[in-house]
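Data first, discussion second: the structure below is written as C-alpha cells.
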Amino acid sequence: MDRYYWGVDLGGTKIECAVIERSTDTCVVRERIPTESDQGYDHILNQIEVLINRCAEQLGQRPYAIGFGTPGTLDPHYGVMKNCNSTALNGKPLDKDLTKRLGAKVVLANDANCFALAEAHFGAAKRVKPNAEVVFGIIMGTGVGSGVVVNGKGLYGCHGIAGEWGHNVIEPNGAACYCGQSGCLETVISGKGLERFYFEQTGKALSLPEIVELAADNEPYAQATLTRMSHYFGIAAAQIINVLDPDVIVIGGGVGNIDALYQHAKAAILPHLFNGELNTQIVKPDLGDSAGVFGAAALVK
C-alpha cells in the first residue's frame, strides 16, 4: 500500500493538491496553482500535471492513486463530466484523461461529496461522533449542495447524483431554478434565495450578512427571512433524516454561518420527523476551505 494518499481540489480559479501521510493522517505536502480555466480543457489538464509533478518532486515519490474534487459530476453511464460550472470540463472523460496524463489511478467526486468526506474523516463529524455510520454534509451558500458518507465512504448512486438535496422541490410553483424545475430547495434557502425573498418584501437589495445584522436589530422583514430559512430547512432536513437517519449533519457555506439556523434547527425539524426526539447532531464544519482538498484525498484513503 502507498505510504501516502493524494487529493486535488479542482476549482474554477485554483487547483490545490494535498499529500497525506497514511499512518498519521498528517498533511506533508500542500501546493496550489491557478486553474486558468478560460484557456480551455487541455490547459486545465496541463496545470494539473504541473501541480502533481511539483508535489511529487518535493516528496520524492509519484502517486499510485489520486482523488479529485470536481465542480460537477462524472456521469456513470456515459463516462463524461456533467453539471460543471467550469464549463470546459462538461462532456469530457476527465478521469480517463487524467489517468493517461498522470500514470495514476484517478477517483472523482463533486465538491459537496468531498466536503462531506473531509468532515467525516478529519473534521467536525469525526470530532463529535468518531463512530458515525452516516454523515450528511451540506454546503449552503450561493447554491445548496450536499454529500452522503456511509461507513466512511461516499455514496454516489446510480446516476451519480446522490446527495442532490438542493434540487428537490420544497415550494411548488416557487421561483425558477437553473435546473429547469421551480421551487427547488436551493431557490429557497440558499444565500441568493434568502436575499431574493428579502428584496420581494422590502424592495431593498441587501446582502445576506446585512440581512442577518438587521435581524439581530429586530428588523421585522429580516427576521421573517431567517424564520423562513429555518422553517424550510426543518422540513427538508427532516426528509433526509427520515430516509438516511444520519448521525451528524455538517453545514458549510455562508448560510451555514448563521447562528439562527442551529438555534432553531431542532424545533424546525421535529414536527416533520418520524420519531419523537432528534438525536442527529447538527454542527458547523471544522475545516473551512481545506475541506475540498482533504475530502478529495479521502476518496483514495
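Summary of values
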read-out: Residues located in the range 55-70, provided they are of a type in the set (Phe, Trp, Tyr) and open to solvent by less than 30 Å² (accessible area, probe 1.4 Å); value: Phe68
read-out: Residue selected from the range 4-25 under the condition open to solvent by 10 Å² or more (accessible area, probe 1.4 Å) and in contact with a strand residue (DSSP E or B) (Cβ under 7 Å, 6 or more places away or on another chain), by the criterion nearest to Gly295 (Cα to Cα); value: Asp9
read-out: Scan of the range 99-140 for residues that are closer than 15 Å to Asp289 by Cα and among the charged types (D, E, K, R), ordered by number; value: Asp111, Glu119
read-out: Where Pro285 falls short, out of the listed (1) part of a helix (DSSP H, G or I); (2) within 15 Å of Gly137 (Cβ to Cβ); (3) open to solvent by 30 Å² or more (accessible area, probe 1.4 Å); value: (1)
read-out: One residue from Ile44, Ile52 being surrounded by 14 or more Cβ atoms within 10 Å (Cβ to Cβ), among the hydrophobic types (A, V, I, L, M, F, W, C) and more than 26 Å from Lys153 (Cα to Cα); value: Ile44
read-out: Among the residues listed as His121, His167, His159, His77, the single one being over 20 Å from Val243 (Cβ atoms) and touching a strand residue (DSSP E or B) at 6+ places or on another chain (Cβ under 9 Å); value: His121
read-out: Within the range 176-185, tally of residues that are in contact with a strand residue (DSSP E or B) (Cβ under 8 Å, 6 or more places away or on another chain) and surrounded by fewer than 17 Cβ atoms within 10 Å (Cβ to Cβ); value: 3
read-out: Residue in the range 101-115 that is part of a loop (DSSP other than H, G, I, E, B), open to solvent by 70 Å² or more (accessible area, probe 1.4 Å) and not small (Gly, Ala, Ser) present; value: no
read-out: Positions within the range 199-245 being open to solvent by 60 Å² or more (accessible area, probe 1.4 Å) and either within 26 Å of Ala162 (Cβ to Cβ) or at pLDDT below 95 (or both), in sequence order; value: His231, Gln239, Asn242, Val243, Asp245
read-out: Scan of the range 116-136 for residues that are aliphatic (A, V, I, L, M) and either on the phi > 0 side of the Ramachandran plot or assigned to a helix (DSSP H, G or I) (or both), ordered by number; value: Ala116, Leu117, Ala118, Ala120, Ala124, Ala125, Val128
read-out: Residue check, Ala267 among the small types (Gly, Ala, Ser), open to solvent by 10 Å² or more (accessible area, probe 1.4 Å) and touching a helix residue (DSSP H, G or I) at 6+ places or on another chain (Cβ under 6 Å); value: no
read-out: Cβ-Cβ under 7 Å pairs, at least 6 apart or on other chains, the range 84-105 side within 20 Å of Gly143 (Cβ to Cβ), far side open to solvent by 30 Å² or more (accessible area, probe 1.4 Å); value: Cys84/Asn90; Asn85/Gly12; Ser86/Gly12; Ser86/Ser37; Ala88/Ser37; Asn90/Lys82
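Rundown of residues vs (1) assigned to a strand (DSSP E or B); (2) at positive phi; (3) more than 19 Å from the chain's Cα centre (by Cα), yes/no style:
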residue	(1), (2), (3)
Asn218	no, yes, yes
Ala224	no, no, yes
Ile240	no, no, no
Ala260	no, no, yes
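The values are calculated or read from the model by the stated rules, or taken from the named source; none is laboratory data. It should be emphasised that the depicted structure is a prediction, and the values quoted were computed from it without experimental measurement. Because the Cβ atoms are built from the backbone with ideal geometry, glycine has one as well, and the counts that use them run over all protein chains shown. The protein model used for the area step is the full one, side chains on, heavy atoms only, and it has no ligands, DNA or RNA in it. Shrake-Rupley method; radii C 1.70, N 1.55, O 1.52, S 1.80 Å.
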